[in-house]
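So the structure is just underneath, and the comments pick up after that.
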DNA sequence: GTTTTAAGTCAGTCTTGTTGACATTCCAAT
DNA sequence: ATTGGAATGTCAACAAGACTGACTTAAAAC
């Protein structure tokens, strides 16, 4: 039942297997977002705020364009979210020193603390899942996800990974 | 670097590994929905319609309550979607013969054909990913996803799997 | 000096989710 | 036979978060 490429055991490519993967993605994504969602609700924020904060934390000083590419939304949509985060003093803008058209984004201490709360909650579930299944399954999990990404996002993902 | 539970090699549980998993889920889900979304746009439907059709196809004759539990939305939200699908003759209701309060849901031939289009597109990407990484990674992928689900959804998922 | 780029803003629309209130139907238990 | 509660459907109002399109400002690039 191993990777017998010679005999070409392709049972893992049946419609049934594919359907299971599709449904697993659907149900798992609900679990994936459930814990942060509960926290966000208390602060009257949404998933969009979480995503923005996550990547501003990951790439401190990113400019708006870069963040737009990572998030895959329009600037109008991101702007609405950023405005509230800035108004609430979770994010600050700094005008670029080299190119003064650019605005660089940073989390404030308050922003960092909320981001930490959210990522802790989300990581907790992920850690528990990892622990249950062991390292080999985790490696497989990541490989399939990476292979499912659009090529452009795959590059973005890899860049983030090595930074 | 294998599953050495004795030496407890827990490198796969680092914050970095968890963060990678989180970002992989985020980016992969975009890919996961991208192809069906493009098709749906042509028919002026949304993801909600796709999800409803998917599970009506999976569990023909399901009643509304069961579908609500699977989808995890309110009846008002589902009802709006069902109304358009019924109006467009993609879905039909049949009054329950045993309990006539219940409405059983079925795809019409037109509904089946659109569902087929959508699932083919989605499966195509999944199949390509599976093929790239091989059966062992696919098994790991599913195990992690299953472990990430809320317990109630995990049961729903397993029931669907064995039906 | 003109063009392009980065960012922000205003206005309007759409999908998809939410609450709350209420009506209908009908099974099941008293 | 009546009644309580469950399953379903519907109306109205609202909100988040996505979209398009048009436009401004500022600064860099050519």
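What follows draws every value from the coordinates through simple rules; no lab data is involved. A quick note: this is a predicted structure, and the numbers were derived from the prediction, not measured. Quick reminder, even Gly has a Cβ in these numbers, built from the backbone with ideal geometry, and neighbours come from all protein chains shown.
Just a few scattered comments:
- Remark: mean inter-chain Cβ contacts per residue of A:117-129 equal 4, using a 10 Å Cβ-Cβ cutoff to other protein chain atoms.
- Computed over chain B: relative contact order in percent, which uses C-alpha pairs under 8 Å that are six or more apart: 21 percent
- The label-point distance for residue A:159 and residue B:155, in a model that sets each label 7 Å from Cα toward Cβ, rounds to 4.5 nm.
- Nearest beta-carbon to the B/A symmetry axis - residue in chain B, distance in Å: B:140, 1
- Inter-part distance, the stretch B:12-37 to the stretch B:82-145, computed on C-alpha centroids, equals 23 Å.
- Cβ-vector label at 7 Å, residue A:113, separations to other copies in nm: 6.0
- A simple spin-label model places pseudo-atoms 7 Å from Cα toward Cβ; at residue B:92 and residue B:47 they are separated by 3.2 nm.
- Restricting attention to the protein assembly as shown, close to 100% of DSSP beta bridges with both partner residues there are antiparallel.
- Cβ neighbours within 10 Å from other chains - mean over B:150-161: 3
- Spin-label pair residue B:58/residue A:110, simplified geometry with 7 Å Cα→Cβ offset, distance in nm: 4.2 nm
- Cβ neighbours within 10 Å from other chains - mean over A:52-65: 1
- Label-to-label distances for residue A:15 across copies, nearest first, come out at 4.8 nm, using points 7 Å from Cα in the beta-carbon direction.
- Ellipticity at 222 nm from helices only: DSSP H runs of n ≥ 4 in chain B, each -39500 (n - 2.57), divided by the residue count, give -22500 deg cm²/dmol.
- Pseudo-label separations to other copies for residue A:99 - Cα-to-Cβ vector, 7 Å, nm: 6.2
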